[in-house]
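These notes are about the structure you will find just below.
The values are calculated or read from the model by the stated rules, or taken from the named source; none is laboratory data. Computed from a predicted structure; not experimentally measured. Counting neighbours? That spans all protein chains shown, and the Cβs are built from the backbone with ideal geometry, glycine included. Quick note on the areas: whole protein, heavy atoms, side chains included, nothing else; ligands and nucleic acids left out. Shrake-Rupley method; radii C 1.70, N 1.55, O 1.52, S 1.80 Å.
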Amino acid sequence: FASLFRKQKYILTYHMDGYGDNFLKRLVIVCYEPLLMKGIVRKATKIIALSGAHLKSSKAGKLVDWNNQVIEIPNGVDTQAFRPAEKKTELMIRYGLIGKKVILFVGNLLPVKGLHLLIDALSKIEDKNVVLLIVGGGYGEAEYKKQVKEKGLEDRVIFSGHQSPDKNLP
């Protein structure tokens, strides 16, 4: 609104498309996209995206001026906090991960993240010592748990839910 009334420039940080997990949220998204999204995206001075490929695959991707608007800034990582474990952690013990080869997925459980592909890939790995640890929650959790059950991977896929970014996640 400041852009409309005061002619202020703004930068848009685009993380992902919106998904609704209930009727009201879906209704808001269905109204927002045709009424507001196009104008907001097109009038942004710059659009910050995690990657060009990520933005291109989004609903906003077809609305941006790729030559003048987009700036790619990937997520950063604190390499002091996120590094191979030097000691056995509470979560490693709780989930029986000691001595296992762990594939780690961290994020919202949304279809766009491709977790279904990771579960399919795990089903093709015969080594039972390879496990998938899923950290996070979201709209698709029930579907992913169903997929894991259908593939017979219940003993190799762990849904740990949300974890503290300061304590358990690293």
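Couple of notes before you dig in:
- Residues of segment 48-64 that are in contact with a helix residue (DSSP H, G or I) (Cβ under 7 Å, 6 or more places away or on another chain) and either open to solvent by less than 40 Å² (accessible area, probe 1.4 Å) or without any contact (Cβ under 8 Å) to a residue 12 or more places away in the chain (or both): 49, 55, 60, 61, 63, 64.
- Test: residue 67 is in contact (Cβ under 8 Å) with a residue 12 or more places away in the chain and either exposed (fewer than 11 other Cβ atoms within 10 Å of the Cβ) or within 28 Å of residue 160 (Cα to Cα) (or both): no
- Only residues that are outside any loop (DSSP other than H, G, I, E, B), more than 20 Å from residue 91 (Cα to Cα) and β-branched (Val, Ile, Thr) were counted across segment 111-163, and they come to 3.
- Test for residue 7: is it out of contact with any Pro (no Cβ under 7 Å at 6 or more places or on another chain), farther than 17 Å from residue 113 by Cα and open to solvent by 80 Å² or more (accessible area, probe 1.4 Å): yes
- Residue 70, sole failed condition from (1) at pLDDT below 85; (2) closer than 30 Å to residue 46 by Cβ; (3) in contact with a strand residue (DSSP E or B) (Cβ under 6 Å, 6 or more places away or on another chain): (1)
- Residue among 99, 107 that alone is among the small types (Gly, Ala, Ser) and open to solvent by 50 Å² or more (accessible area, probe 1.4 Å): 99
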